[in-house]
Structure formats: C-alpha cells, structure tokens
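Right, one structure below, let's go through it.
The values are calculated or read from the model by the stated rules, or taken from the named source; none is laboratory data. Because the structure is predicted, anything quoted here is derived from the model rather than measured. Every residue, glycine as well, gets a Cβ built from its backbone with ideal geometry; the counts of neighbours run over all protein chains shown.
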Amino acid sequence: MTKGNGEPASLGEVLNTLASRLRRVDLRVIDEARELWPRAVEPALAQHCSVDIIKDGVLVVSVPSGAFAQRVRLAEPTIVEAFRVLGDAAPTSVKTVIKTPTKST
C-alpha cells in the first residue's frame with residue numbers, strides 16, 4: 001500500500017486498514033451461514049451455489065450461471081426468512097455473483 005503522496009504506508013497503517021475491514025465481516029457468522037445454506041434452499045441450489053459473505057445486510061451467493069442466479073433471486077424471500085436465525089447478523093437481501101469453476105490441469 002502507498003500513501004497519497006506515493007510513499008509506502010507503514011505496517012501499522014496497513015494493519016489498521018485491514019483490521020477495520022475485518023471488523024465489518026464476522027467470520028463466525030459466515031461459517032454459520034454456510035452451515036445453514038443447505039437447509040435454507042432446495043437441494044439443487046445447495047449443491048451448485050454457495051455462500052460467499054454477509055456484508056452490510058447482504059448475503060452474497062456464488063452461482064455457476066445466470067439460470068441459478070435467477071433461481072436464487074426467486075427464492076430470496078425464503079432464504080432471508082431462513083437466515084433470520086442469525087439474529088442481528090441476518091441478511092435482509094441476497095445478491096448473486098456468477099463464478100465459473102476453474103479447470104484443473
């Protein structure tokens with residue numbers, strides 16, 4: 001990282017920036033959300049789609065295609081309701097992100 005004047009940022013500044021970003025994302029909640037996902041959605045969605053993160057009240061879900069994105073959007077009310085068990089950390093909306101699987105060689 002560099003400062004606005006082109007000088008490198010100190011380690012303390014970099015760590016403070018990282019810490020502030022991490023405070024906005026509770027990794028325990030993400031683990032809980034990933035465990036909840038297969039029970040909250042139909043089996044095909046559970047198998048092909050996955051929880052990425054919950055940030056600012058938005059559940060971000062990775063999907064393999066636009067067709068799965070549409071299915072997740074249609075199931076959004078059910079998903080949001082199922083995730084209410086997360087209390088204050090529960091998402092109020094769902095966003096999909098298309099991620100194509102990487103080929104292993």
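Do the conditions hold for Ala9, that is, is it at pLDDT below 80 and under 17 Å from Lys55 (Cα atoms)?
Values: at pLDDT below 80: yes; under 17 Å from Lys55 (Cα atoms): no.
Answer is no for this residue.
Checking Pro64 against (1) modelled with pLDDT under 95; (2) touching a His at 6+ places or on another chain (Cβ under 6 Å), which single condition isn't satisfied?
(1)
Would you check which residues across region 47-59 are surrounded by 15 or more Cβ atoms within 10 Å (Cβ to Cβ) and among the aliphatic types (A, V, I, L, M) and list them?
Result: Val51, Ile53, Ile54, Leu59.
If I ask for residues that are more than 17 Å from Arg34 (Cα to Cα), loosely packed, with under 14 Cβ neighbours inside 10 Å and touching a residue at least 12 places away in the same chain (Cβ under 8 Å), which ones from region 66-98 would you list? Talk me through it step by step, then tell me what you get.
Step one: of region 66-98, the residues more than 17 Å from Arg34 (Cα to Cα) are 66-71, 73-74, 77, 98.
When the remaining residues are screened for being loosely packed, with under 14 Cβ neighbours inside 10 Å, the result is 66-67, 70, 74, 77, 98.
Passing the criteria: Gly66, Ile98.
Return a yes/no flag: does region 67-76 have any residue that is modelled with pLDDT of 95 or more and in contact with a Phe, Trp or Tyr (Cβ under 9 Å, 6 or more places away or on another chain). Give the steps one after another, and end with the answer.
As a first pass, look at region 67-76 and keep what is modelled with pLDDT of 95 or more: 67-76.
Then drop every residue that is not in contact with a Phe, Trp or Tyr (Cβ under 9 Å, 6 or more places away or on another chain), which leaves none.
Within region 67-76, not a single residue is modelled with pLDDT of 95 or more and in contact with a Phe, Trp or Tyr (Cβ under 9 Å, 6 or more places away or on another chain).
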